Amino acid sequence: MSWFWRGLRAGVLTEGPAPEALPESLSPGLPRATEFSTPAQAAEIAARCPTGALEAQDRVVGVQPDRCVDCMRCKSAQEWRHDVRWAHPDAVERFGSRFKHSIHVRIIDAGDCGSCLNELAQLTGPSYNLHRFGIFITPTPRQADVLLVVGPVTRQMAGPLKVAYEAMPSPKRVLAVGACAASGGIFGPSVMSAGGAADAVPVDLTVPGCPPPPLAIIGALRALCGQEPPA
Amino acid sequence: MLSDVLNVLRSIWPSIEWRVDDGSIVAVLPREDLRAVAKYFSAQRWRLGTIVATEGRHELELRYCFYATAHPGWAQLIIALNPVDRTIASLTPVTIAADWFEREIEDLFSVRFAQHPRLGDFVLHDDQWAENAGLMRPFVQSGEDLPVQRREWRPKRVLEEEGAFVMPVGPVYSGGAESALFLLETVGEDVVRATPRLFYKYRAIEKIAQGRTAADALLLAERCAGTSAIGNGLAYCRAVERALGATLTRRSEALRGFFAELERLRHHMTSIREICESTSLSVAASQALWLEEQFLRISGELCGHRYLFGVLAIGGLQRDFADPALEACLRKADALRPKVDALRGALERSSSFLDRIERVGIVDREAAQTFELVGPFARAAAISADMRAVQPYAPYSGLEFNVPIEEEGDGYARLRVLFAEMEESVRIMAALCRDLPADGTRIDAAMRAGRGLGWSEAPRGASLAWVELEADGTVSRYRLTPPSFRNWHGFHVATESFAFQDFPIVLATLDLSVAENDR
């Protein structure tokens with residue numbers, strides 16, 4: 001059987017619109033602000049966080065999602081959200097309407113552990129099929145509208161990252177994907193890592209998560225080209 | 001076994017004090033005996049697992065860790081170096097496997113290795129930092145403490161032929177590739193040799209682990225390579241547990257094995273997908289991507305994270321998993337097997353595909369032996385090098401399983417090993433599920449000062465960890481030797497004389513992770 005027929009016989013594997021609450025098979029979720037019964041309990045939960053993503057104020061444990069690295073230590077107590085709209089800030093300066101139907105994205109690995117890149121690879125696969133939104137991955141920054149940065153920006157990748165950014169034509173946007181690119185994650189800021197993409201290039205939109213699920217990344221890319229609001 | 005080796009060592013070097021400690025032969029050697037002893041171990045087919053350098057305020061120590069391949073057992077040869085002189089004879093002329101370890105230690109600890117064939121530009125790049133800057137030395141607290149040096153860096157050219165030139169590829173290239181620079185030396189149509197320049201993604205995990213608690217450093221171990229979080233995390237956990245003298249419950253050992261195999265399944269699917277992508281066989285690549293996504297979903301459904309982060313903990317697992325959930329996971333993995341088999345069958349019948357991966361990137365048995373390669377890369381060249389079998393650990397020590405071996409050492413042999421290992425992994429998961437002990441999933445390991453060596457068979461091969469703990473449980477030294485670091489060392493062997501267009505294919509079949517190497 002030729003590959004052509006084999007492909008046709010597989011049918012459509014792309015799934016419909018994302019459900020409002022994602023199951024854990026699609027996304028680990030993100031912690032969200034939770035109220036506990038006593039301030040002591042709240043302080044205990046916040047102290048579990050190794051990266052300072054949780055902060056206790058009286059009985060409420062607030063969350064800085066950019067710092068969360070999915071260590072799962074708070075999951076038994078803290079509430080987690082299971083939506084897809086993870087990108088922030090809400091008011092992103094969009095491209096003009098000419099970009100609404102198609103943008104090209106250049107991915108830059110600035111020290112990623114491999115899991116964000118792996119989720120990005122899934123985007124172009126049949127399950128998520130990024131192309132249906134008119135969003136394409138391009139190998140050259142010279143044809144890219146969006147620079148998608150993963151990793152905390154290591155000292156030895158800061159130079160190449162800036163060169164790639166400079167090489168892009170205007171208007172251009174930068175999307176920081178994952179806890180590392182958002183805040184340095186577990187690695188930075190430290191002796192060889194910066195505290196995220198914003199330390200090297202101006203970041204327009206950030207998707208937290210370690211790694212963010214493919215549907216959250218799609219949401220951010222669609223928000224950048226004005227197809228839907230970020231959050 | 002280990003006692004026989006000990007007797008032989010005592011008879012050859014009677015002046016050295018040899019002892020056995022926790023499954024390892026340990027000895028403090030005088031500097032001048034190192035080469036002779038290392039030569040003896042190499043001749044007995046012991047492999048150099050790692051070299052650990054540790055520097056305190058007044059002392060500098062090198063620890064050469066070898067492991068036997070014929071029976072369980074390790075050897076740790078310790079050299080106390082003069083912290084002012086910092087010079088020692090290089091082991092690279094004795095065993096080439098020491099080459100990259102020594103280059104790394106030269107950069108990070110400013111140790112001078114006499115007679116090393118090629119030092120320079122390695123972890124800390126020469127266009128940013130001065131040579132042997134010593135990042136890991138105690139006085140370096142931040143990047144600002146390092147001697148900076150901005151000078152032009154030019155790739156080394158070996159080829160002298162007329163019209164020869166070096167074509168650089170990277171560090172930013174291709175769609176979603178990891179950052180690394182490849183220097184392809186060519187005289188025209190064919191690439192004669194390819195040299196990687198790595199460590200663009202160097203995050204200094206060993207440096208930033210210092211001073212963190214044992215539990216927090218586990219997060220670094222997992223994220224050294226997110227695609228083999230269990231593999232590298234397990235080696236780290238086992239090292240810490242040895243340092244603490246903790247004995248785990250049988251259930252947690254079994255579950256760790258279950259997760260390690262689940263990760264291997266998903267990781268190998270990713271590798272197979274990358275091989276399909278590199279040959280531009282898009283239907284196969286799409287089907288492999290879909291299968292990979294199914295494995296990711298199975299993982300997420302079971303433990304709440306698609307890449308199995310946050311499963312491991314010091315002393316066992318972070319939480320328990322119900323037997324029915326594990327069985328459901330196994331059933332789903334098993335149900336995907338016919339689809340994986342169908343993909344394999346279709347690939348094996350596609351002559352256009354086979355033409356592109358057969359006899360490319362050949363690494364023969366001898367090279368795999370010399371460079372001490374690990375994982376599926378080595379197994380495709382008839383070297384088993386599977387830590388689950390060579391240095392058995394729970395739960396594998398009580399299990400029967402096959403280690404798939406191929407002879408040819410080319411891209412196709414590596415693909416066959418990947419498929420065969422996936423089958424084996426499901427079988428191991430089933431065997432572990434059949435009788436799960438019920439003695440709890442976590443013990444409370446009391447913190448104490450200590451040091452320990454841990455190892456595991458990560459999806460890409462042997463992962464090693466050396467951990468030193470303070471009395472309060474903070475990490476004072478974490479040395480990790482991931483499989484990709486070993487295998488990138490053999491990269492240039494696979495890339496001798498090939499056609500330009502085969503480069504992505506060779507790279508994909510080697511199954512190397514830049515993140516894992518760069519740490």
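One line per residue, one yes/no per condition, for (1) touching a Gly at 6+ places or on another chain (Cβ under 9 Å); (2) at the interface with chain A (Cβ under 8 Å from one of its Cβ atoms); (3) surrounded by 24 or more Cβ atoms within 10 Å (Cβ to Cβ); (4) within 26 Å of residue B:441 (Cα to Cα):
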{"residue": "B:207", "(1), (2), (3), (4)": "no, yes, no, no"}
{"residue": "B:215", "(1), (2), (3), (4)": "yes, yes, no, yes"}
{"residue": "B:225", "(1), (2), (3), (4)": "yes, yes, yes, yes"}
{"residue": "B:230", "(1), (2), (3), (4)": "no, no, yes, yes"}
{"residue": "B:272", "(1), (2), (3), (4)": "no, no, yes, no"}
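Confirm whether residue B:280 is of a type outside the set (Val, Ile, Thr) and in a helix (DSSP H, G or I). Break it down into steps so the answer makes sense when it comes.
On the way: of a type outside the set (Val, Ile, Thr): yes; in a helix (DSSP H, G or I): no.
Criteria not met by residue B:280.
Among the listed residues A:67, A:85, A:142, which satisfies the condition of being closer than 24 Å to residue B:200 by Cα, in contact (Cβ under 8 Å) with a residue 60 or more places away in the chain and not β-branched (Val, Ile, Thr)? Give the derivation first.
Details: A:85 fails: closer than 24 Å to residue B:200 by Cα; A:142 fails: in contact (Cβ under 8 Å) with a residue 60 or more places away in the chain.
Result: A:67 is the single residue among A:67, A:85, A:142 that is closer than 24 Å to residue B:200 by Cα, in contact (Cβ under 8 Å) with a residue 60 or more places away in the chain and not β-branched (Val, Ile, Thr).
Can you give me the number of residues within region B:1-37 that are closer than 14 Å to residue B:71 by Cβ, out of contact with any strand residue (DSSP E or B) (no Cβ under 9 Å at 6 or more places or on another chain) and free of Cβ contacts under 8 Å to residues at least 60 places away in the same chain? Step through it out loud before you land on a result.
Taking region B:1-37 first, the residues closer than 14 Å to residue B:71 by Cβ are B:1-6, B:8, B:20, B:23-25.
Still in the running and out of contact with any strand residue (DSSP E or B) (no Cβ under 9 Å at 6 or more places or on another chain): B:1, B:4, B:8.
Subsequent filtering for residues that are free of Cβ contacts under 8 Å to residues at least 60 places away in the same chain retains B:4, B:8.
Summing the residues that are closer than 14 Å to residue B:71 by Cβ, out of contact with any strand residue (DSSP E or B) (no Cβ under 9 Å at 6 or more places or on another chain) and free of Cβ contacts under 8 Å to residues at least 60 places away in the same chain in region B:1-37 gives 2.
Can you tell me which condition residue B:198 does not meet? The list is (1) crowded, with 16+ Cβ neighbours inside 10 Å; (2) without any contact (Cβ under 8 Å) to a residue 60 or more places away in the chain; (3) within 12 Å of chain A (Cβ to nearest Cβ); (4) among the hydrophobic types (A, V, I, L, M, F, W, C), and all the others hold.
(2)
Being touching a residue at least 40 places away in the same chain (Cβ under 8 Å), surrounded by 15 or more Cβ atoms within 10 Å (Cβ to Cβ) and either of a type in the set (Ser, Thr, Tyr) or in the same structural domain as residue B:486 (by TED's automatic domain parsing) (or both) narrows it down to one of B:40, B:67, so name that one. Before the answer, list the steps.
Values: B:40 fails: touching a residue at least 40 places away in the same chain (Cβ under 8 Å).
Among B:40, B:67, only B:67 is touching a residue at least 40 places away in the same chain (Cβ under 8 Å), surrounded by 15 or more Cβ atoms within 10 Å (Cβ to Cβ) and either of a type in the set (Ser, Thr, Tyr) or in the same structural domain as residue B:486 (by TED's automatic domain parsing) (or both).
Looking at region B:366-399, which of its residues are touching a helix residue (DSSP H, G or I) at 6+ places or on another chain (Cβ under 8 Å) and among the charged types (D, E, K, R)?
First, the residues of region B:366-399 that are touching a helix residue (DSSP H, G or I) at 6+ places or on another chain (Cβ under 8 Å): B:367-368, B:370-386, B:388-389, B:393-396, B:399.
If the condition is that a residue be touching a helix residue (DSSP H, G or I) at 6+ places or on another chain (Cβ under 8 Å) and among the charged types (D, E, K, R), then B:372, B:379, B:386, B:388 are the ones that fit.
Please pick out the residue among B:8, B:26, B:20, B:52 that is under 18 Å from residue B:467 (Cα atoms), among the β-branched types (Val, Ile, Thr) and surrounded by fewer than 18 Cβ atoms within 10 Å (Cβ to Cβ).
Exactly one residue qualifies, and that residue is B:26.
Based on what the data block shows, is residue B:258 out of contact with any Asp or Glu (no Cβ under 8 Å at 6 or more places or on another chain), within 25 Å of residue A:113 (Cβ to Cβ) and more than 13 Å from chain A (Cβ to nearest Cβ)?
yes
I need a count of the residues in region A:51-63 that are out of contact with any Lys or Arg (no Cβ under 7 Å at 6 or more places or on another chain) and touching a residue at least 24 places away in the same chain (Cβ under 8 Å).
Residues of region A:51-63 out of contact with any Lys or Arg (no Cβ under 7 Å at 6 or more places or on another chain): A:54-62.
Keeping just the survivors that are touching a residue at least 24 places away in the same chain (Cβ under 8 Å) gives A:54, A:59-62.
Counting residues in region A:51-63 that are out of contact with any Lys or Arg (no Cβ under 7 Å at 6 or more places or on another chain) and touching a residue at least 24 places away in the same chain (Cβ under 8 Å) gives 5.
Scan the helices (runs of 4 or more DSSP H) fully inside region B:309-402 and keep the ones with 1 or more residues being over 20 Å from the mean Cα position of the chain (by Cα) and among the basic types (Lys, Arg). Walk me through how you get there before you give the answer.
On the way: elements: B:323-335, B:337-348, B:351-357, B:365-370, B:375-379, B:387-390.
Ranges flagged: B:323-335, B:337-348, B:351-357.
The values are calculated or read from the model by the stated rules, or taken from the named source; none is laboratory data. Everything numeric here is computed off the predicted structure, so don't read it as measured data. Here the Cβ is made from the backbone with ideal geometry for all residues, glycine too, and neighbour counts use every protein chain on show.
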